[in-house]
Amino acid sequence: MTLGVEVAGLRLSYGAVTALDDLSFTLAGGRIYGLLGRNGSGKTSLLSVLAGFRKASAGTVLVDGEPVFENPRSTRRVCLIRETGDTGDKDERVRDALYTATRLRPAGTATTPRRWSSASRSRGTRSSASSPSASGRPSG
């Protein structure tokens, strides 16, 4: 599977701070690209938009010709693993993050929580990924 990327007029703002401003480019599928820049230059922000983790403030982002944000067909074919692991609140546990991931990225989730639950039992830990509390979030 080779996915092309098209970005036109992309802007991403965090309140009054603009991280990406009028960014446009096209990347052909089936190739490996590098993204270089100083700290704070917008690399992670760009990748977060391309992966559908963040909604662009303006502009168009297409992966394989389709919008990526809130589009399960696109997001199930894209993966972004962030180095810092700051995917949730500071007090959020790994099982909470995994539960959230299964809710937001449903592809293949029919067996995923069972595997997480089995893996945590074999390590002697308790997992509630397959049984959220009444609030809709995992308990514990």
Check SER57, SER41 and return the single one that is modelled with pLDDT of 90 or more, of a type in the set (S, T, N, Q) and over 19 Å from ILE81 (Cα atoms). SER57
Has the stretch 14-36 got any residue that is among the polar types (S, T, N, Q) and modelled with pLDDT under 90? no
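The values are calculated or read from the model by the stated rules, or taken from the named source; none is laboratory data. This is a predicted model, so every value here is computed, not measured.
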